[in-house]
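Quick notes on the structure that follows.
The values are calculated or read from the model by the stated rules, or taken from the named source; none is laboratory data. Not measured: the values here are computed from a predicted model. Backbone-built Cβ (ideal geometry, glycine too); neighbour counts: all protein chains shown. To get the accessible areas, we keep the full protein, side chains included, count just its heavy atoms, and leave off ligands, DNA and RNA. Shrake-Rupley method; radii C 1.70, N 1.55, O 1.52, S 1.80 Å.
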Amino acid sequence: MRNKVDYSQFPDDTGHFGRYGGRFVAETLMEALHELNEAWRTYRNDPEFLVELDTDLARYVGRPTPLYHAERWSRRLGGAQIYLKREDLNHTGAHKINNTVGQALLAKRMGKTRLIAETGAGQHGVASATVAARLGMECVVYMGVEDIKRQALNVYRMRLLGATVQPVNAGSRTLKDALNEALRDWVANVDDTFYMIGTVAGPHPYPLMVREFQAVIGREAREQMLTDHGCLPDALVACVGGGSNAIGLFHPFLNDSEVAIYGVEAAGSGIETGRHAATLCAGQPGVLHGNRTYLLNDADGQIVETHSVSAGLDYPGVGPEHAWLKDIGRARYVAVTDEEALRGFHDLTRTEGIIPALESSHALAYVTKLAPTMRPDQRIVVNLSGRGDKDIYTVAALEGIQL
Amino acid sequence: MNRITRRFQALRRTGRKALIPYITAGDPRPELTVPMLHALVEAGADIIELGVPFSDPMADGPVIQQACERALAQGMSLRRVLDLVRDFRRTDGETPLVLMGYLNPIERMGYDAFVAGARDAGVDGVLTVDLPPEEAAELAGPLDAAGVAPIFLLAPTSSGERIRRIAQLARGYLYYVSLKGVTGSAALNVAEVADKLAAIRTHTDLPLGVGFGIKDPPTAAAIAEVADAVVVGSALVAKMGELADNPERMRREVAALLTAMRQALDRVRAPAALTD
Ligand SMILES: Cc1ncc(COP(=O)(O)O)c(C=O)c1O
């Protein structure tokens, strides 16, 4: 008999998934993390907190999201049946709000009056500004100046919602630098400020807490499959930037060893070109942003710039739980190029009348390779993590069209 | 005995407080670093903290971030920092040198290679900003065994339990971060620092250094009243950035600022001198 890992038992009390995760921050942040962890432990099983969270998810976010059978697309690919978990139908258009609604409730209970966040594509920034507006809290979103240029629409959305978008001019002027700057803000303002990290990265307890808030995706999908078909899916597919939509879908299935799991990273112009963001496929273990995980860094341990057509996947790290799942072989991580992702974007749009986010299009592109290798009686659940409205300008520009 | 411990004992005997300047290795240009280190010694440095540039210095304010960027743009790396230390040691076998930086370059080099490299180059202490005690055993143990002091930060928010835990792992001195913020932040509160240092002293006999936010001689003197060592970083690094194009003037002005701090510190006499 084989010793089975019980995935629900990870991370351990100190936030470790095997050798990954943990808490690698300056002493100036340790007390704040301790305070956050205590609050999280107090409320994560508190019935009142959970009722309020469920109510918000139902009435404000619009959950449960449908599990949609993409019949025409499945037939066209000529293999497994494809089911889309429609996170694009959430309020604000992506899975990010599952997490910000949860963290905001925690912030409120901790008596914090100011929310800060980092953002790359702007989706997490918008989701943060949205919950801040609803709770009447001050909100500051850190964003690299390169991303501000690329994501003007979301910058304006955040400002409409009353948030301050704070440009970050350091380093590569993208998401990783925004995260550094948010951590610096937090160190200086720990008394009244709650830092909402937008993915399953950062120091413990963020990878755990964000996973728990996102796991509603997988819990619903699992129940929907069982209700509709009486069985579990054969495979799960999700894109991986920091890894929150992916772990949200995967986690409730980790103990179901018969379910194959695929995380899809951004290969940009191709891994061999060096212009990519495929951290798990091409990186090494290291330490960044408070946790040990796979990173894209040079031979001297300096973090390198990443490249992807999708700003939300443009991150040189990845959540530590994915690093662990890769090493122990429970999930497989693959990468698709910008070009393949764009094909996935157009395929779904034309075949099913759903315009997906460029991030999610990476998962779709992998499905176009995976489905034909499977039988028509097998099922794939793919996380459609967001809608593509925010990406219309990028796609048009790539086709030489000015909107 | 480690140079750091020897230096603190000598200071204690003469009733003086330690002055610890920080500069970033390779900033503004790699070839200026070793001459700058010697100039700092001449201007009155007792110990020097040499920053190892990192692409993502999350505990540093804009001044040191920009210094890191300047140094990295010139190809500075952990390996080359060790070369600079070796170079410095050719003519200075006395002044303790502490590397201050982030963990990832050390992870990438490998702990064993780093510990051996640091020891052989003549490094006396290593302060890894993003390595709290919970995660530090794997690096702190081998450093200590090699005679290189693992140095740790304490913060205004550190609880008594944490202070005890950190003091157990730490060697050389403890570095108290004087305010809630990043390097180069605004004014610190001397009375608060004094209170916290008194509390820390109930847990440890290690010398206590104070840094973050010490910009001018009067603040340095006020802190020296209550601490064993005063760390000055951003104020020096800002000058180096401003005068990057004029190395001669840069060296002169940085040395002048440090000399002024030295004089301010020397007007403060350690109480130990009266009783020893
Ligand atoms: C729609 C969408 N999907 C995926 C991601 C990637 O983040 P994660 O890997 O944490 O889900 C983003 C990030 O902005 C996003 O907006």
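Check every one of the strands (runs of 3 or more DSSP E) wholly within the range A:1-97 and list those with 1 or more residues that are on the phi > 0 side of the Ramachandran plot, open to solvent by less than 60 Å² (accessible area, probe 1.4 Å) and more than 16 Å from the ligand (Cβ to nearest atom).
Details: elements: A:20-24, A:67-69, A:81-86.
Counting at least 1 such residues, we get A:20-24.
Yes or no, residue by residue, for (1) closer than 29 Å to B:Leu11 by Cα; (2) of a type in the set (A, V, I, L, M, F, W, C); (3) in contact with a Lys or Arg (Cβ under 6 Å, 6 or more places away or on another chain); (4) at the interface with chain A (Cβ under 9 Å from one of its Cβ atoms):
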residue: B:Ser77; (1), (2), (3), (4): no, no, no, yes
residue: B:Arg80; (1), (2), (3), (4): no, no, no, yes
residue: B:Leu84; (1), (2), (3), (4): yes, yes, no, no
residue: B:Arg89; (1), (2), (3), (4): yes, no, no, no
residue: B:Pro96; (1), (2), (3), (4): yes, no, yes, no
residue: B:Asp112; (1), (2), (3), (4): no, no, no, no
residue: B:Gly117; (1), (2), (3), (4): yes, no, no, no
residue: B:Asp124; (1), (2), (3), (4): yes, no, yes, no
residue: B:Val129; (1), (2), (3), (4): yes, yes, no, yes
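Given the criteria away from chain B (no Cβ under 14 Å) and within 28 Å of A:Asn154 (Cα to Cα), does A:Leu325 qualify?
No; evaluated as a whole, the condition is false for this residue.
Would you be able to say whether some residue in the range B:102-111 is surrounded by fewer than 21 Cβ atoms within 10 Å (Cβ to Cβ), under 23 Å from B:Arg6 (Cβ atoms) and in contact with a helix residue (DSSP H, G or I) (Cβ under 8 Å, 6 or more places away or on another chain)?
The answer is no, given that none of the residues of the range B:102-111 is surrounded by fewer than 21 Cβ atoms within 10 Å (Cβ to Cβ), under 23 Å from B:Arg6 (Cβ atoms) and in contact with a helix residue (DSSP H, G or I) (Cβ under 8 Å, 6 or more places away or on another chain).
Quick grid of which residues meet (1) crowded, with 21+ Cβ neighbours inside 10 Å; (2) within 12 Å of the ligand (Cβ to nearest atom); (3) within 21 Å of the chain's Cα centre (by Cα):
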residue: A:Thr164; (1), (2), (3): no, no, no
residue: A:Asn169; (1), (2), (3): no, no, no
residue: A:Lys176; (1), (2), (3): yes, no, yes
residue: A:Thr199; (1), (2), (3): yes, yes, yes
residue: A:His204; (1), (2), (3): yes, no, yes
residue: A:Pro207; (1), (2), (3): yes, yes, yes
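Go through the range A:212-249 residue by residue and tally those that are farther than 14 Å from A:Glu87 by Cβ and either more than 10 Å from the ligand (Cβ to nearest atom) or within 14 Å of chain B (Cβ to nearest Cβ) (or both).
14
Given the options B:Ala220, B:Ala227, name the one that is among the aliphatic types (A, V, I, L, M), touching a residue at least 12 places away in the same chain (Cβ under 8 Å), crowded, with 21+ Cβ neighbours inside 10 Å and assigned to a helix (DSSP H, G or I).
Working: B:Ala227 fails: assigned to a helix (DSSP H, G or I).
Exactly one of B:Ala220, B:Ala227 is among the aliphatic types (A, V, I, L, M), touching a residue at least 12 places away in the same chain (Cβ under 8 Å), crowded, with 21+ Cβ neighbours inside 10 Å and assigned to a helix (DSSP H, G or I), namely B:Ala220.
For the range A:388-403, how many residues are within 13 Å of the ligand (Cβ to nearest atom) and either among the small types (Gly, Ala, Ser) or without any contact (Cβ under 8 Å) to a residue 12 or more places away in the chain (or both)? Let's see the steps before the verdict.
Let us first name the residues in the range A:388-403 that are within 13 Å of the ligand (Cβ to nearest atom), namely A:388-391, A:394.
So of that shortlist, the ones also either among the small types (Gly, Ala, Ser) or without any contact (Cβ under 8 Å) to a residue 12 or more places away in the chain (or both) come out as A:388.
Of the residues in that region, 1 qualify.
All but one of (1) within 14 Å of chain B (Cβ to nearest Cβ); (2) away from the ligand (no atom under 13 Å from the Cβ); (3) at pLDDT 95 or above hold for A:Gly317; which doesn't?
Only one criterion is unmet by A:Gly317, namely (2).
When only residues in the range A:270-307 that are more than 23 Å from A:Pro207 (Cα to Cα) and more than 14 Å from chain B (Cβ to nearest Cβ) count, which is most open to solvent (accessible area, probe 1.4 Å)?
A:Glu272
Quick test of your reading of the structure: B:Ala187 fulfils all but one of (1) open to solvent by 20 Å² or more (accessible area, probe 1.4 Å); (2) within 10 Å of chain A (Cβ to nearest Cβ). Name the failing condition by number.
(2)
Which residue out of A:Arg72, A:Arg109 is basic (Lys, Arg) and out of contact with any Phe, Trp or Tyr (no Cβ under 8 Å at 6 or more places or on another chain)?
Working: A:Arg109 fails: out of contact with any Phe, Trp or Tyr (no Cβ under 8 Å at 6 or more places or on another chain).
Of A:Arg72, A:Arg109, the one residue that is basic (Lys, Arg) and out of contact with any Phe, Trp or Tyr (no Cβ under 8 Å at 6 or more places or on another chain) is A:Arg72.
Restricting to the range A:359-387, give me the number of residues that are surrounded by fewer than 23 Cβ atoms within 10 Å (Cβ to Cβ) and within 16 Å of the ligand (Cβ to nearest atom).
The total comes to 1.
Before we move on, is A:Lys326 assigned to a helix (DSSP H, G or I), free of Cβ contacts under 8 Å to residues at least 40 places away in the same chain, open to solvent by 30 Å² or more (accessible area, probe 1.4 Å) and out of contact with any Asp or Glu (no Cβ under 8 Å at 6 or more places or on another chain)?
Values: assigned to a helix (DSSP H, G or I): yes; free of Cβ contacts under 8 Å to residues at least 40 places away in the same chain: no; open to solvent by 30 Å² or more (accessible area, probe 1.4 Å): yes; out of contact with any Asp or Glu (no Cβ under 8 Å at 6 or more places or on another chain): yes.
Answer is no for this residue.
Could you tell me whether A:Gly263 is within 14 Å of chain B (Cβ to nearest Cβ) and either open to solvent by less than 10 Å² (accessible area, probe 1.4 Å) or over 14 Å from the mean Cα position of the chain (by Cα) (or both)? Quick ask: steps written out before the conclusion?
Details: within 14 Å of chain B (Cβ to nearest Cβ): no; either open to solvent by less than 10 Å² (accessible area, probe 1.4 Å) or over 14 Å from the mean Cα position of the chain (by Cα) (or both): yes.
It is false that A:Gly263 is within 14 Å of chain B (Cβ to nearest Cβ) and either open to solvent by less than 10 Å² (accessible area, probe 1.4 Å) or over 14 Å from the mean Cα position of the chain (by Cα) (or both).
Six or more apart or on different chains, Cβ under 7 Å: which pairs go from a residue in the range A:119-145 that's within 14 Å of chain B (Cβ to nearest Cβ) and within 16 Å of the ligand (Cβ to nearest atom) to one that's in a loop (DSSP other than H, G, I, E, B) and open to solvent by 10 Å² or more (accessible area, probe 1.4 Å)? Could you list them?
Close Cβ pairs (under 7 Å, with a partner that is in a loop (DSSP other than H, G, I, E, B) and open to solvent by 10 Å² or more (accessible area, probe 1.4 Å)) amount to A:Gly144/A:Arg173; A:Gly144/A:Thr174.
Read through the list (1) within 15 Å of the ligand (Cβ to nearest atom); (2) within 28 Å of A:Glu223 (Cα to Cα); (3) not polar (S, T, N, Q), then give the number of the only condition that A:Arg332 fails.
(1)
Taking the condition of being under 22 Å from B:Gln74 (Cα atoms), out of contact with any helix residue (DSSP H, G or I) (no Cβ under 6 Å at 6 or more places or on another chain) and assigned to a helix (DSSP H, G or I), how many residues in the range B:1-35 meet it?
The qualifying residues number 3.
Quick check on A:Thr351: is it in contact with a Gly (Cβ under 7 Å, 6 or more places away or on another chain), at pLDDT 95 or above and away from the ligand (no atom under 16 Å from the Cβ)? Before the answer, list the steps.
Values: in contact with a Gly (Cβ under 7 Å, 6 or more places away or on another chain): no; at pLDDT 95 or above: yes; away from the ligand (no atom under 16 Å from the Cβ): yes.
So A:Thr351 fails the test.
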